[in-house]
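The values are calculated or read from the model by the stated rules, or taken from the named source; none is laboratory data. Small disclaimer: the values here were computed from a predicted structure and weren't measured. Ideal geometry is used to build each Cβ from the backbone, glycine not excepted, and the neighbour counts take in all protein chains shown.
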Amino acid sequence: MISKIVKSGLTRRTFLKSTAATAMSAGLPGMSLAAGDTIKIGFLAPLTGAVAAWGKPGLDGCEIWAERVNAAGGIKLDDGMHKVEFVSYDNEYDPAKARTGATKLIREDGVSFIMMLGGDTWPGVQPVADKTGMLFSTLLPSDLSPDTNTLIAPAEVHPIYNVTGVEWLAENKPDLKTAVMCAQDDALGLPSVATYLAAFEAAGIEMLDDPLLFDPATTDFAPVVTRLISKNPDIVCLDTCYSDYVHPIAEQLYQQGFKGQIISCTADFYDQMIAKTSEEFMEGFIFQFPDFDDPALNADNINFTDPNGFYAEFNKRHPGQWGAVSWEYASIMDLWKAAAEKAGSSDPDAVTTAMKDGGKGAHAFGDAAWWGTELFGIDNALVGDWPVVAIEGGKARIKGFRSIPDWYAKHGDLLIKHMKAYDQMWDQRS
């Protein structure tokens, strides 16, 4: 974790410098593709461990995506049709293993593009990206900086979309006036903390205490919850806690008698939380990731092919495993495929140019703009609308779509203020 790296005296900057030497010595060959060759896509994410819920379901979704594309003939480039194949590497959410994986995927597997979760693993990979010019994607735009020219965030705009849930809550439940928050102290938790603080401030909701940051190694959440609810808040915010934290925290909130509102970035495998608590307790739980059988995803503005069918097939193959990332990596591949076909090539530079042409893109939840200079120092995040989801009658349902750019236009100064307070602006992180 970044926090642990800093405590040990190794900063992100020195980590990047040391790993750059490794990448420079690797002598990575250029990616090449002949007519008829299968296009290989790298999947570099945690497939085991505490963060696996944001990796493995995404790979499972990509396999469904590849089968659909290959069944339709593949990807059409200037030299003809190409089938597509995913090559995965489990980085276990470790920056050194991510660096090794990136090197292998490029040098040995000859991939044309690499998808990552990002976060704590990106510093290990960035020197490889810089040396090779390989195009990488992240689900965490907080990885972006002016130095990350080959990194894009085309699907998830974590953590900025979290403002939409707070905005919806303030408008629809104005009687909720106070909040508390907890998060793991790492590169996923901290920028999200800053975002929620900005959102609560913009909504006029009072924070009763500073965010409670716990060590990522925490396993006993009873004391965390006891402290969290000691001031009797109206709202408990679980930030972007991993599912391995959200579940025991929710269970403790239930056991300790909390009756208020819960809001979280994710609620992966929420059926398991309902089973451990009750349907009544989980009623109204707000988060940001819909099930893809939601009728709202059949609207004309949605840029994800047959979301209901994708969801049904995923659950048929992987029952009980649908989560926040099950569709996201596949959505990134929709954008990559469209850009590669537009460019007539799988070359990373050509794909990037085609993808960003005109400054607009077909995001899963509607047309969006390439944005980010104000916050990340580079316009490599695809930002538009995002859904607000609530659990009703034991089922996740989209309550509406909210515009992230519209919120930022009104409250961007608050977001920058809190990002700076937590050292999460790009110039502070790099």
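Per-structure values
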item	result
Residue match in segment 61-80 (condition: without any contact (Cβ under 8 Å) to a residue 12 or more places away in the chain, aliphatic (A, V, I, L, M) and part of a helix (DSSP H, G or I))	yes
Residue within segment 304-312 that is at pLDDT 95 or above and part of a strand (DSSP E or B) present	no
Within segment 145-246, helices (runs of 4 or more DSSP H) holding 2 or more residues that are outside the structural domain of Gln126 (by TED's automatic domain parsing), more than 22 Å from Val389 (Cβ to Cβ) and not hydrophobic (A, V, I, L, M, F, W, C)	222-228
Subset of segment 118-135 (residues that are under 17 Å from Arg429 (Cβ atoms) and either in a loop (DSSP other than H, G, I, E, B) or touching a strand residue (DSSP E or B) at 6+ places or on another chain (Cβ under 6 Å) (or both))	Gly118, Ala129
Filter result for Phe365 (out of contact with any strand residue (DSSP E or B) (no Cβ under 8 Å at 6 or more places or on another chain) and buried (at least 21 other Cβ atoms within 10 Å of the Cβ))	no
Filtered residue count, segment 308-327, keeping only those that are crowded, with 20+ Cβ neighbours inside 10 Å and in contact with a Pro (Cβ under 9 Å, 6 or more places away or on another chain)	7
Residues that are under 25 Å from Phe214 (Cα atoms) and among the acidic types (Asp, Glu), drawn from segment 160-186	Asp185, Asp186
Positions within segment 93-107 being closer than 14 Å to Lys131 by Cβ and either surrounded by fewer than 18 Cβ atoms within 10 Å (Cβ to Cβ) or among the β-branched types (Val, Ile, Thr) (or both), in sequence order	Thr103, Ile106, Arg107
Enumeration of residues in segment 354-397 that are in contact with a helix residue (DSSP H, G or I) (Cβ under 7 Å, 6 or more places away or on another chain), part of a helix (DSSP H, G or I) and modelled with pLDDT of 95 or more	Ala354, Met355
Residue that is surrounded by the fewest Cβ atoms within 10 Å (Cβ to Cβ), among those in segment 398-430 that are β-branched (Val, Ile, Thr) and in a helix (DSSP H, G or I)	Ile416
Counted residues, segment 357-384 - those being free of Cβ contacts under 8 Å to residues at least 24 places away in the same chain and among the charged types (D, E, K, R)	3
Failed condition for Asp143, given (1) free of Cβ contacts under 8 Å to residues at least 60 places away in the same chain; (2) over 17 Å from the mean Cα position of the chain (by Cα)	(2)
Some residue of segment 214-228 being crowded, with 24+ Cβ neighbours inside 10 Å, among the small types (Gly, Ala, Ser), at pLDDT 95 or above and under 22 Å from Ala250 (Cβ atoms)	no
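The rows are residues; the columns are (1) surrounded by fewer than 23 Cβ atoms within 10 Å (Cβ to Cβ); (2) of a type in the set (S, T, N, Q); (3) assigned by TED's automatic domain parsing to the domain that holds Val325.
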{"residue": "Ala34", "(1), (2), (3)": "yes, no, yes"}
{"residue": "Leu47", "(1), (2), (3)": "yes, no, yes"}
{"residue": "Gly55", "(1), (2), (3)": "no, no, yes"}
{"residue": "Asp78", "(1), (2), (3)": "yes, no, yes"}
{"residue": "Glu85", "(1), (2), (3)": "yes, no, yes"}
{"residue": "Ser112", "(1), (2), (3)": "no, yes, yes"}
{"residue": "Gly124", "(1), (2), (3)": "no, no, yes"}
{"residue": "Lys131", "(1), (2), (3)": "yes, no, yes"}
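Results for (1) in contact (Cβ under 8 Å) with a residue 24 or more places away in the chain; (2) out of contact with any helix residue (DSSP H, G or I) (no Cβ under 6 Å at 6 or more places or on another chain), shown as yes or no for each residue.
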{"position": "Pro159", "(1), (2)": "yes, no"}
{"position": "Trp168", "(1), (2)": "yes, yes"}
{"position": "Pro174", "(1), (2)": "no, yes"}
{"position": "Val180", "(1), (2)": "yes, no"}
{"position": "Leu190", "(1), (2)": "yes, yes"}
{"position": "Asp215", "(1), (2)": "yes, yes"}
